[in-house]
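Colleague: Quick one: this structure, given as structure tokens, is what I'll be asking you about.
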Amino acid sequence: MTPSLSPSAQKFQETLAALGFTNQIVEFEHTTRTSAEAAEAVGCEVGQIAKSLIFKGKQSGKAILVIASGANRVDEKKLRGLAGEKVEKPDADFVRLKTGFVIGGVPPVSHAEPLDTFIDEGLMGYGSIWAAAGTPNAVFSLTPADLVKMTGGKVADLKA
């Protein structure tokens with residue numbers, strides 16, 4: 001762990017505080033970009049990692065955020081039903097433009113623009129989960145209930 005936060009992680013820490021959350025960001029010297037890396041770093045199950053995945057609406061071009069359990073793959077047909085349009089995986093530039101963060105560091109909130117958010121119901125069975133916090137090396141712990149409250153996301157069956 002690093003003693004002080006990088007600018008992006010610090011900015012996200014301030015956003016959490018402004019939203020009324022007291023969760024503390026932990027930043028590591030090594031990457032937590034993948035669910036497996038994050039789970040190893042914090043000592044939890046891969047399923048407890050809340051991975052932020054950005055999809056792009058094929059017709060609208062809007063960004064859609066899916067927060068999925070690190071143990072699950074997202075069924076794009078199920079997401080299409082929820083989003084009301086076909087979706088595709090965008091490139092890294094689209095993710096950065098729409099969220100303000102790089103892939104692997106996209107937090108659940110504080111994006112460059114409002115995003116429709118869907119939360120994998122697979123996360124709801126855990127007492128605590130971990131999510132990205134602004135960089136591919138930063139994470140924070142929260143409860144599934146706080147994730148729903150924080151994001152306003154719709155909990156749904158998204159598991160492939």
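Colleague: Within the chain, how many lysine pairs that are 8 or more places apart, or on different chains, have C-alpha atoms less than 12 Å apart?
Modeller: Pairs that pass both the separation and distance tests number 12.
Colleague: Of all DSSP beta bridges located in segment 7-156, what percent are antiparallel, nearest 5?
Modeller: 65
Colleague: Then there is this: Would you mind calculating the relative contact order of the chain from Cα pairs under 8 angstrom and at least 6 residues apart, reporting the percent as a whole number?
Modeller: Dividing the mean separation by the residue count of the chain yields 27 percent.
Colleague: For every helix of n ≥ 4 consecutive DSSP H residues, a contribution of -39,500 (n - 2.57) applies; sum these over the chain, divide by its total residues, and give [θ] at 222 nm rounded to the nearest 500 deg cm²/dmol.
Modeller: -7500 deg cm²/dmol
Colleague: About the Cα centre of segment 7-156, what is the dipole size in debye to 20, counting +1 per Lys and Arg Cβ and -1 per Asp and Glu Cβ, all else neutral?
Modeller: I would put it at about 540 debye.
Colleague: Send over the Kirkwood Rh of the chain, from the inverse of the averaged 1/r over different Cα pairs, rounded to one decimal Å.
Modeller: 15.4
Colleague: Just how far, in whole angstrom, is segment 30-83 from segment 102-118 if you go by their alpha carbon centroids?
Modeller: Each part reduced to its Cα centre gives a spacing of 11 Å.
Colleague: Which of THR135, THR22, THR117 ends up with the largest GNM mean-square fluctuation for the chain, with Cα atoms connected below 10 Å?
Modeller: THR22
Where a number appears in this text, it was derived from the coordinates with a stated rule and is not lab data. Fair warning: this is a prediction, and the values are worked out from it, not measured in the lab. Every residue, glycine as well, gets a Cβ built from its backbone with ideal geometry; the counts of neighbours run over all protein chains shown.
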